[in-house]
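> This is the structure, below, for whatever I ask next.
The values are calculated or read from the model by the stated rules, or taken from the named source; none is laboratory data. What you are looking at is a predicted structure, and each value in this text was computed from that prediction instead of being measured. Here the Cβ is made from the backbone with ideal geometry for all residues, glycine too, and neighbour counts use every protein chain on show.
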Amino acid sequence: MEEVIEGLFDAGFSVWNNCIDLAGNMFQHSPRSYDGHLWGIVMGLFKYILNGSVPLATLFFIIAIYKSVVSSPPEQALKKFLSDAMRYGIILFVMFKLSDIIEGIMLFSDRFAQSVIRAANISGKVRIEYGYGPVDSLMEKIHQLNMDLSTVDVMDFGATIQEFFKQMGPYILYFIGGVVTLLILVSSGLSVIGIAYQRIVKPLLMMPLSTVVLSMGCCSDEGTKQIWSMGKTFLGLCLSGGLFVLAVRMGGSVSSTLIADYLSGSGNTSMSGQIITIVGADANALIITALLKSMDAMIQKAFG
């Protein structure tokens, strides 16, 4: 039974630590620097679609001339033609410079994340691992679990039941704590990984489509609005890595502070101390996950 209980905690701690390590690495890098092979594939697709977007932009420009110039009064036709031609020229210029613009955004994203990491000098436990006093104390307590009913008089039913629950109580408590901890840490870890992969994958998916959106900007003011909206979203996703790192460190600091006063050292081996350790481990993951989701929502609102 002790091996089962220890296995539950070990599995939960391992999943959370692996997820937070992987997510932390992804937060510190832009989509370009995180996976060079994937970046090369996306850039190849981007350039391929870019070659077909210039004729598409020309087609939208002709449609815009027909809609605005042909249907406009003569005194306004020249003005609208010049306006559409200027927009067409600007969009073509941005198209041909788009790869350089994206490279610059990625470089700035990497530098921004590193600057936040250096500036955010916040201490706190993010990983849940051995070598940390309360966790070692918890595992030692689980190893010491021992149920011995050999001295109980089976003819004394009341004493038997009392002794049984007295010795089974810690098993039940730790087993329930292990199951709850496993569920919380696994679900929190998967949520963190989802946010991290979303930050990497979304910009890569948006890049090939960006040239098509630029082409649509030649046709109408609605297309121009889509360009600005997509550009802000792309910039927000790239810059979010540094903010996510800050959220993780703040979450680790807050959750550590919540139990630091109670578990000031590794000598607290009481049952209440073990419960606080279990709750602290679960709270650590929940607080970090909640802060990441809040930061993600705030970035979407600011750059969406």
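> Going through L235, L214 one at a time, which residue ends up being aliphatic (A, V, I, L, M), at negative phi and modelled with pLDDT of 85 or more?
Numbers: L214 fails: modelled with pLDDT of 85 or more.
So the residue among L235, L214 that is aliphatic (A, V, I, L, M), at negative phi and modelled with pLDDT of 85 or more is L235.
> Would you point out the residue of region 37-85, among those that are modelled with pLDDT of 80 or more and aromatic (F, W, Y), that is farthest from G223 (Cα to Cα)?
Here the residue is W39.
Every residue, every condition in (1) modelled with pLDDT of 85 or more; (2) among the hydrophobic types (A, V, I, L, M, F, W, C); (3) closer than 30 Å to I278 by Cβ; (4) surrounded by fewer than 20 Cβ atoms within 10 Å (Cβ to Cβ), yes or no:
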site	(1), (2), (3), (4)
F175	no, yes, yes, yes
L183	yes, yes, yes, yes
I193	yes, yes, yes, yes
E222	no, no, no, yes
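> Being at pLDDT below 85 and either of a type in the set (D, E) or touching a helix residue (DSSP H, G or I) at 6+ places or on another chain (Cβ under 7 Å) (or both) is true for just one of I117, I102. Which residue is that?
One residue alone meets the criteria, I117.
> Taking region 20-36, which residues are over 18 Å from D296 (Cα atoms) and at pLDDT 85 or above?
Applying the first criterion (over 18 Å from D296 (Cα atoms)) to region 20-36 yields 21, 32-36.
Across region 20-36, the qualifying residue is only D21.
> What residue, among those in region 242-254 that are crowded, with 23+ Cβ neighbours inside 10 Å and small (G, A, S), is modelled with the highest pLDDT?
Step by step, filter region 242-254, then rank; the result is A247.
> What residue, of A11, A57, is of a type in the set (A, V, I, L, M, F, W, C) and either without any contact (Cβ under 8 Å) to a residue 60 or more places away in the chain or crowded, with 19+ Cβ neighbours inside 10 Å (or both)?
Testing whether each residue is of a type in the set (A, V, I, L, M, F, W, C) and either without any contact (Cβ under 8 Å) to a residue 60 or more places away in the chain or crowded, with 19+ Cβ neighbours inside 10 Å (or both) leaves just A57.
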